[in-house]
Amino acid sequence: MITIRLQEAQMRNKYELLLSIKLLDYEIRELTVYSKQCCDCYEMLTRKLDDLCNFMNEELTVNLWSEWGDDPDISLHSEQLRETAVHALCDMEKHQSLCIHNHETDVGVYMNTLSSSIQNELQLCGIGPESKVLFIGAGAFPLSALTIAAHIGAELVGVDIDEEAVRLAENMTQVLGLEQKVSFTSRTVSELAFARQATHVIIASLVPNKVDVLDVLYRLVRPDSRIIVRYGNGLRSLFNYPFQPALPQRWRITPVPNHSNLYDTVILQKAAAVGEGANLCETVRH
């Protein structure tokens with residue numbers, strides 16, 4: 001009898017987690033549709049995406065995920081939630097970018113907040129005024145990219161496959177007067193001469209095919225270039241594309257400690273640039 005009750009309690013935990021994931025997926029999907037019909041609904045969509053971020057960091061969710069995160073039903077609906085959330089975020093960023101362009105929102109508030117939150121990450125990555133930064137997956141509301149240019153002074157090229165996002169990002173650059181430091185393009189990385197000059201490459205957490213991108217970058221970047229990969233595994237994969245940094249010997253991997261509750265970061269360098277015969281995945285912990 002005790003065993004049966006224990007099994008029932010465990011199954012209840014699974015369905016509690018599954019229901020929460022399904023509800024978030026449904027609400028975000030519906031609010032994304034509503035927002036296209038009524039701009040005021042973007043505020044509700046923003047709050048719901050914040051709810052997802054909070055859900056990922058709640059102790060109860062962490063405990064339930066540790067128990068059921070590998071369950072096929074949980075995995076399936078988690079992937080669906082991620083796709084829904086990513087689509088919603090892309091739409092919301094386009095709306096925010098338009099608001100900036102139309103002077104309906106002060107971008108300085110966003111940038112000052114973001115600057116303090118990513119400053120530690122950027123310092124550990126060694127990005128400075130003389131750096132040349134390639135940002136892959138910049139998006140329509142490229143706050144990280146613009147913060148690097150505005151607060152650090154580095155030259156930056158942002159890449160995004162969405163041509164509308166590129167156009168909106170360029171509009172934001174003009175509003176901020178950063179045209180001399182920042183440019184955006186929808187061209188592929190392999191087509192960019194800047195990729196061969198870049199001292200740093202940042203791969204956004206919402207870029208899905210990170211390993212494929214790294215394969216291209218390895219052939220292009222300088223031996224001393226640093227590749228900063230943002231990603232989210234496990235519970236954080238609800239709002240980020242995952243990345244398993246078990247790469248071939250040609251890469252040296254350095255985890256970056258950061259205070260973000262949303263994603264994790266690693267730095268990759270060509271192993272030959274940091275010493276011949278480097279270990280398979282030489283890991284430096286801070």
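Throughout, read-outs are computed from the coordinates displayed, never taken from laboratory work. Here the structure is a predicted model, which means the values were calculated and not measured. Reconstructed Cβ throughout: ideal geometry from the backbone, glycine too, with neighbour counts over all protein chains shown.
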Next item on the list: Give the residues of region 44-68 whose amide nitrogen is closer than 14 Å to a point set 7 Å from the Cα of Cys99 in the direction of its Cβ.
Entry: 44-50
Margin query: Please compute the modelled spin-label separation between His151 and Arg187, points set 7 Å along Cα→Cβ, answer in nm with one decimal.
Written below: 3.0 nm
Check: Which helices, counted as full DSSP H runs in the chain, have an axial Cα extent of no less than 27 Å and a Kyte-Doolittle average of -1.0 or above?
Finding: 2-37, 72-101
Note to self: Just want the answer: with Cβ charges of +1 for Lys and Arg and -1 for Asp and Glu, which residue in Leu60, Val166, Asn102 is farthest toward the dipole's positive end in the chain?
What the structure shows: Val166
Notebook entry, point to check: Using 7 Å Cα-to-Cβ label points, what is the Cys38/Ala272 separation (nm, one decimal)?
Noted result: 6.0 nm
Next item on the list: Under 16 Å from a label point 7 Å along Cα→Cβ of Leu262: give me every residue in region 197-225 with its amide N that close.
Entry: 203-208
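Calculate, for Asn13 and Val216, the FRET efficiency according to 1/(1 + (r/R0)^6) with r their C-beta to C-beta distance and R0 45 Å; round to the nearest 0.05. Could the numbers behind the result be given before it?
Numbers: r = 42 Å, r/R0 = 0.94.
The formula returns an efficiency of 0.60 here.
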